[in-house]
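Peer 1: Here it is: the structure, laid out below.
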Amino acid sequence: MPHPSRFTFTQKAIEQLPANPISAKATEAEYSDVQVPGLKLLIGKTGTKKFLLRYTFHGHKKALALGPYGALSVVEARRRANHHKADIAQDVDPKAAREQVKLAVTFAEFIEEHYLPHARANKRSAHTDASKLTHHILPVFGQQKLGQITLVSVQGYLNHLSSTLAPATCNRHFSLLHRVFALAVLWGFVVKNPVTGISKFKENNQRQRFLAPEEIRRLFQAADEDANYYAANYIKFLLLTGVRRAEGLSAQWQHIDLEAQHPSWYLPETKAGKSRYVLLNPMAVALLQGLERMPGNAYCFPGQVVGKPLCNPIKAFKRIIQSAGIEVAFRLHDLRHTTASLIVNGGGSLYDVQATLGHSSSRMSQRYAHLSQDRRSQTATRVSEGVAYALGCLD
């Protein structure tokens, strides 16, 4: 039974509407809201839905995009439509007014007045966005009009960035710019996202550096001799647990239970936005039991600022690996790789790696598959040697 082209828009009714048939002549099917004349819903052949306002201004029929359904609720679509209709009643063309806004707002103004307030309210990583914008993106695009930034200029920026930064870092800038302009499109500041059509840089995520047993011994010895007591213990703790840098810094005594049958540490929020428990091995337990607690500071690894954790112990880390005779290219994140290698070489499976490191999917743990294969090869060789010995082929 065909759906009526005019009905009172509700979330339930809209979600029940099918995609425009592939065989249809029109690219999009159009539906009209009974409650607000001129408010339309367009549905494409892939099922995408968006709101539109159709109106007449000085005898000319015009249409104004309001935003996609989902990001825009029925209530908000009606509010925007009525707002624009009020402008029309006062002889103001909303489409022309929007074009003027696009031409007037600079990239810097959009970031300061719209993007950053939104990011701070909705993103845990808003501070890293602000850093990228301040130190890299705004100096290039800040004074340009938002609607005049093109695909070519964005591609040029990313290409220039790639001459000094790693592909993965350049892709973080790509993602940030794409998000900024996606919101600009959603909020009606621009019609098209200039980042769409640009390809990300190919990342080489295969770099893995694991500490050998002798290097682990030297690392712990250098940490014990370092002047920064809490930073040194934090570095050892990262290797013992395999947790991420930020997770280790956020460790608080109230979340650690050393007296349980299986000592554990509760992480209220991880990188994936979920909570999880980290089981603490005997050496991690001993390290925490031996830590001096700083009065008035809830963190296991307190920093110099009262009541705060260590800020960024990278200087201590560089100092310690230098003292341990480990190459300067060794990264703090490579401690996490070392933990994974210890699990696999100790007989653990990739599932054990996933559970210990808190990977959200098995895909992330697959990077250690070659270690598992090496161990299985060694096991197979030992079986062969055992049979050969039994048959008298070996002394």
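The values are calculated or read from the model by the stated rules, or taken from the named source; none is laboratory data. These figures come from a predicted structure and were not determined experimentally. Backbone-built Cβ (ideal geometry, glycine too); neighbour counts: all protein chains shown.
Peer 1: Among (1) under 30 Å from Leu161 (Cβ atoms); (2) of a type in the set (Val, Ile, Thr); (3) in contact with an Asp or Glu (Cβ under 7 Å, 6 or more places away or on another chain), which single condition is Ile43 missing?
Peer 2: So the condition that Ile43 fails would be (1).
Peer 1: Report every pair of residues separated by at least 6 positions or lying on different chains whose Cβ atoms are under 6 Å apart, first residue within the stretch 117-137 and outside the structural domain of Glu269 (by TED's automatic domain parsing) and more than 15 Å from Thr169 (Cα to Cα), second at pLDDT below 95 and among the charged types (D, E, K, R).
Peer 2: Ala119/Asp129; Ala126/Arg120
Peer 1: So, in the stretch 19-31, exactly how many residues are assigned to a loop (DSSP other than H, G, I, E, B) and free of Cβ contacts under 8 Å to residues at least 24 places away in the same chain?
Peer 2: Qualifying residue count, the stretch 19-31: 6.
Peer 1: Picking from Leu72, Leu42, which residue would you name as being at pLDDT 95 or above and under 34 Å from the mean Cα position of the chain (by Cα)? Can you show your working first?
Peer 2: On the way: Leu72 fails: at pLDDT 95 or above.
Selected residue: Leu42, the only one of Leu72, Leu42 that is at pLDDT 95 or above and under 34 Å from the mean Cα position of the chain (by Cα).
Peer 1: So, Ala223, is that one closer than 25 Å to Ala329 by Cβ, in a helix (DSSP H, G or I) and modelled with pLDDT under 90 or not? Give the steps one after another, and end with the answer.
Peer 2: Details: closer than 25 Å to Ala329 by Cβ: yes; in a helix (DSSP H, G or I): yes; modelled with pLDDT under 90: no.
Spelling it out, it is not the case that Ala223 is closer than 25 Å to Ala329 by Cβ, in a helix (DSSP H, G or I) and modelled with pLDDT under 90.
Peer 1: Answer yes if at least one residue in the stretch 76-84 is in contact (Cβ under 8 Å) with a residue 60 or more places away in the chain and outside the structural domain of Thr150 (by TED's automatic domain parsing), and no otherwise.
Peer 2: Yes - at least one qualifying residue is present in the stretch 76-84.
Peer 1: If you take the residues of the stretch 146-168 that are of a type in the set (Ser, Thr, Tyr) and in contact (Cβ under 8 Å) with a residue 40 or more places away in the chain, which of them is farthest from Lys202 (Cα to Cα)?
Peer 2: That would be Thr150.
Peer 1: Here's a check for you: in the stretch 312-328, which residue that is in contact (Cβ under 8 Å) with a residue 12 or more places away in the chain and assigned to a loop (DSSP other than H, G, I, E, B) is surrounded by the fewest Cβ atoms within 10 Å (Cβ to Cβ)?
Peer 2: Selected residue: Gly325.
Peer 1: Moving to a separate point now. Find the residue count for the stretch 248-277, including only residues that are at pLDDT 90 or above, touching a helix residue (DSSP H, G or I) at 6+ places or on another chain (Cβ under 9 Å) and not in a strand (DSSP E or B).
Peer 2: Final tally of qualifying residues: 6.
Peer 1: What helices (runs of 4 or more DSSP H), lying completely within the stretch 97-156, carry at least 2 residues that are exposed (fewer than 14 other Cβ atoms within 10 Å of the Cβ)?
Peer 2: The helices (runs of 4 or more DSSP H) meeting that bar are 116-122, 126-132.
Peer 1: Then there is this: Does the stretch 186-197 contain at least one residue that is free of Cβ contacts under 8 Å to residues at least 40 places away in the same chain and outside any loop (DSSP other than H, G, I, E, B)?
Peer 2: no
Peer 1: I'd like to know if the stretch 291-311 contains one or more residues that are part of a helix (DSSP H, G or I) and modelled with pLDDT of 80 or more.
Peer 2: No - not one qualifying residue is present in the stretch 291-311.
Peer 1: Could you tell me whether any residue of the stretch 343-359 is surrounded by fewer than 19 Cβ atoms within 10 Å (Cβ to Cβ) and in contact (Cβ under 8 Å) with a residue 60 or more places away in the chain?
Peer 2: There is no residue in the stretch 343-359 that is surrounded by fewer than 19 Cβ atoms within 10 Å (Cβ to Cβ) and in contact (Cβ under 8 Å) with a residue 60 or more places away in the chain.
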